[in-house]
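S.K.: Encoded as C-alpha cells, here's the structure I'll be asking about.
The values are calculated or read from the model by the stated rules, or taken from the named source; none is laboratory data. All values derive from a computational prediction rather than experimental measurement. Positions of Cβ are backbone-derived with ideal geometry, glycine not excepted, and every protein chain shown enters the neighbour counts.
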Amino acid sequence: MHFPYSVAHDFPLVLAPMAGVSESPFRQICRRYGADVVVSEFISSVGISLGIERVLAEMRFEPVERPIGIQIYGADATIMARAAGMVTELFEPDFVDINFGCPVKKVVRNNGGSGCLKDMNLVRGIIRAVRDATQLPVTVKIRSGWDETQRDPVEIALRCQEAGAQALTLHPRTRTQMYQGAANWDEIAAVAQALTIPVIGNGDIRTPEDVVAMRHHANCAGIMIARGSFGNPWLFAEARDLLEGRANRLVHEGASVGVAATAATLRD
Ligand SMILES: Cc1cc2nc3c(=O)[nH]c(=O)nc-3n(C[C@H](O)[C@H](O)[C@H](O)COP(=O)(O)O)c2cc1C
C-alpha cells in the first residue's frame, strides 16, 4: 500500500497522537525503538492561527523524529486551512493530520474533534480546505461515529477519502463510548476493504501479538499504538520482530533503568 509520505517499512507502526504524552522526547524514544512514524499531540487550529507562542512551541520537533505528522483540530474550515498553511510554512512536517476523533468535552462543545462527525458536510469542507492550503499530504484520524445511532465508519471513511484524505486512521469506538468496551476491529477490516487509500488500524494494541492479530484480522495498511506504548516504547521493535518472524531483539534488556536512561542515551 502506498503511503503519501515516505516510510521505512511497507507495514508501518505509528505512535499515536496523545495529548500530554506524544511530545518530542517521547516521540524520539519511540522512533529509536521502532516506531516508523510519529504524530504530534493535537494542536488547536485557533491557537495556531493566532500565532500563540505556547501553541507554536508544541509543534517543534527534531529531524530524528521524521516522518512526523502534525495533528490539528477545529471546526472552522477557514481557520483549519490557515493553520495548515502556517504549520507547513513554519515547521514543514511530513504530513498534516486532521483530528476528527477527540472526545473531550471542551473540544466537541465547539464541534471540534469527533464533534465534526455529526456533520459530514463540515468534515468534507475541512478536508478540502486543508488540502487546498498545503502541498503536504493530508491524513485524517476518525472514530466510528458520534454515537451508536450514527455509527457508520465505512460511510464516514469513504466521505473523507472523497474529500481528499490521503490516508486514514480509524479508532473504532464512538465518541459516546469514549474508551469503554473493546475497539471493534471488524470495523477496521470493513473500512480497509472499502477504501483505496491506506487505512491504519488503532485500538487496544498492548502486545506484539496484538499487532500481528490486528493485521491478520483487519488487513489494514499499518497500525497505530497509543496507550500500549506507555512505559513500553520497545513494543514497536518487538512487534516488528514478530511481524518479520525474527527472534525478539530483547530491546528492553535493562528495562529497569527505564526511560530516563533511554533519554540519556538519546542525548549522547
Ligand atoms: C492520554 C491520551 C491522549 C490522547 N490524545 C489524542 C490526541 O491528541 N489526538 C488524537 O487523535 N487522539 C488522541 N488520543 C487517542 C489515541 O490516539 C488512540 O486513538 C486511542 O487511545 C486508542 O488507541 P489505544 O487503544 O492504542 O490507546 C489520546 C489518547 C490518550 C490515552
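S.K.: Is at least one residue of region 71-85 within 11 Å of the ligand (Cβ to nearest atom), aliphatic (A, V, I, L, M), surrounded by fewer than 20 Cβ atoms within 10 Å (Cβ to Cβ) and within 23 Å of R173 (Cα to Cα)?
M.R.: No; the residues of region 71-85 include none that is within 11 Å of the ligand (Cβ to nearest atom), aliphatic (A, V, I, L, M), surrounded by fewer than 20 Cβ atoms within 10 Å (Cβ to Cβ) and within 23 Å of R173 (Cα to Cα).
S.K.: Regarding region 242-250, can at least one residue be identified that is under 16 Å from the mean Cα position of the chain (by Cα) and either assigned to a helix (DSSP H, G or I) or more than 14 Å from the ligand (Cβ to nearest atom) (or both)? Steps first, answer last, please.
M.R.: Step one: filter region 242-250 for residues under 16 Å from the mean Cα position of the chain (by Cα), giving none.
Looking through region 242-250, none of the residues is under 16 Å from the mean Cα position of the chain (by Cα) and either assigned to a helix (DSSP H, G or I) or more than 14 Å from the ligand (Cβ to nearest atom) (or both).
S.K.: Return yes or no: is A157 on the phi < 0 side of the Ramachandran plot, touching a helix residue (DSSP H, G or I) at 6+ places or on another chain (Cβ under 7 Å) and more than 16 Å from the ligand (Cβ to nearest atom)?
M.R.: Details: on the phi < 0 side of the Ramachandran plot: yes; touching a helix residue (DSSP H, G or I) at 6+ places or on another chain (Cβ under 7 Å): yes; more than 16 Å from the ligand (Cβ to nearest atom): no.
Against the criterion (on the phi < 0 side of the Ramachandran plot, touching a helix residue (DSSP H, G or I) at 6+ places or on another chain (Cβ under 7 Å) and more than 16 Å from the ligand (Cβ to nearest atom)), A157 does not qualify.
S.K.: Further, regarding this structure: Please list, ordered by first then second residue, the pairs with beta carbon atoms under 6 Å, 6 or more apart or interchain, first in region 8-26 and touching a residue at least 12 places away in the same chain (Cβ under 8 Å), second in a loop (DSSP other than H, G, I, E, B) and within 9 Å of the ligand (Cβ to nearest atom).
M.R.: Within 6 Å, the pairs are A16/A226; M18/A226.
S.K.: Tell me which of these R124 doesn't satisfy, since it passes every other one: (1) under 19 Å from M18 (Cβ atoms); (2) touching an Asp or Glu at 6+ places or on another chain (Cβ under 8 Å).
M.R.: R124 satisfies every listed condition except (1).
S.K.: To continue, here is another question. Within region 104-123, which residues are away from the ligand (no atom under 15 Å from the Cβ) and either assigned to a helix (DSSP H, G or I) or buried (at least 19 other Cβ atoms within 10 Å of the Cβ) (or both)?
M.R.: Within region 104-123, the subset away from the ligand (no atom under 15 Å from the Cβ) is 109-111, 118-122.
Result: K118, M120, N121, L122.
S.K.: Determine the pairs where a residue that is aliphatic (A, V, I, L, M), located within region 165-176, has a partner that is in a loop (DSSP other than H, G, I, E, B) and more than 9 Å from the ligand (Cβ to nearest atom) with Cβ atoms under 6 Å apart, the partner being 6 or more residues away or on another chain.
M.R.: Close Cβ pairs (under 6 Å, with a partner that is in a loop (DSSP other than H, G, I, E, B) and more than 9 Å from the ligand (Cβ to nearest atom)) amount to A167/P4; A167/I197; A167/P198.
S.K.: Being crowded, with 22+ Cβ neighbours inside 10 Å, touching a residue at least 60 places away in the same chain (Cβ under 8 Å) and among the small types (G, A, S) is the filter here; which residues of region 27-56 pass it?
M.R.: Across region 27-56, the qualifying residue is only A35.
S.K.: If you check every pair at least six apart or on different chains, which have Cβ atoms under 6 Å apart with a residue in region 87-103 that is away from the ligand (no atom under 16 Å from the Cβ) and at pLDDT 95 or above first and a residue that is part of a loop (DSSP other than H, G, I, E, B) and not acidic (D, E) second?
M.R.: Close Cβ pairs satisfying both conditions: T88/T134; T88/L136; F91/M59; D94/Y5; D94/R66; D94/P67.
S.K.: Next question, about the same structure. Return only the number of the condition from (1) over 24 Å from A182 (Cα atoms); (2) in a helix (DSSP H, G or I); (3) under 18 Å from the mean Cα position of the chain (by Cα) that I156 does not satisfy.
M.R.: Condition (1) is where I156 drops out.
S.K.: Enumerate the pairs (first residue in region 62-77 and under 10 Å from I98 (Cα atoms) and touching a residue at least 60 places away in the same chain (Cβ under 8 Å); second residue anywhere and within 16 Å of the ligand (Cβ to nearest atom) and of a type in the set (A, V, I, L, M, F, W, C)) with beta-carbon separation below 6 Å, excluding pairs fewer than 6 apart on the same chain, so at least 6 apart or on different chains.
M.R.: The qualifying pairs are G69/V39; G69/F95; Q71/V39; Q71/F42.
S.K.: Another question about this same structure. Of all residues in region 186-207, which are in a helix (DSSP H, G or I), within 14 Å of the ligand (Cβ to nearest atom) and without any contact (Cβ under 8 Å) to a residue 40 or more places away in the chain? Give the derivation first.
M.R.: Just the residues of region 186-207 that are in a helix (DSSP H, G or I), to begin with: 186-194.
Within this subset, residues satisfying the condition of being within 14 Å of the ligand (Cβ to nearest atom) are 187-188.
The one that is in a helix (DSSP H, G or I), within 14 Å of the ligand (Cβ to nearest atom) and without any contact (Cβ under 8 Å) to a residue 40 or more places away in the chain: I188.
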